[in-house]
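Inspection log for the structure reproduced underneath, given as structure tokens.
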Amino acid sequence: MEKKLFVKAEEVANDLEVSVATGYKIIRKLNDELQEKGFIVVSGRVSRKYFEERCYGLSEKTAN
């Protein structure tokens, strides 16, 4: 299956084993960080690359 450029709250919630509401909060926080750095963000979605970088251990999990 091809991985998409952005992750949605449902995928964040699934990967981190939290509720979808918490997934949205995490996306909002990550998007705020990206926006402060000058990036364009999409509400309700976050860059997969940035999400995996910021979540400890997630990049190793998805690499396997």
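Each reported figure results from applying straightforward, stated rules to the coordinates on display, with no laboratory input. Everything numeric in this text was worked out from a predicted model, so none of it was measured.
Taking every C-alpha pair closer than 8 Å and separated by at least 6 residues, the mean separation divided by the residue count of the chain gives a relative contact order of 34 percent. The long axis of helix 20-36 is offset from the longest Cα principal axis of the chain by roughly 50 degrees. On the principal axes of its alpha carbon atoms, the chain extends 32, 22, 22 Å, with the longest extent given first.
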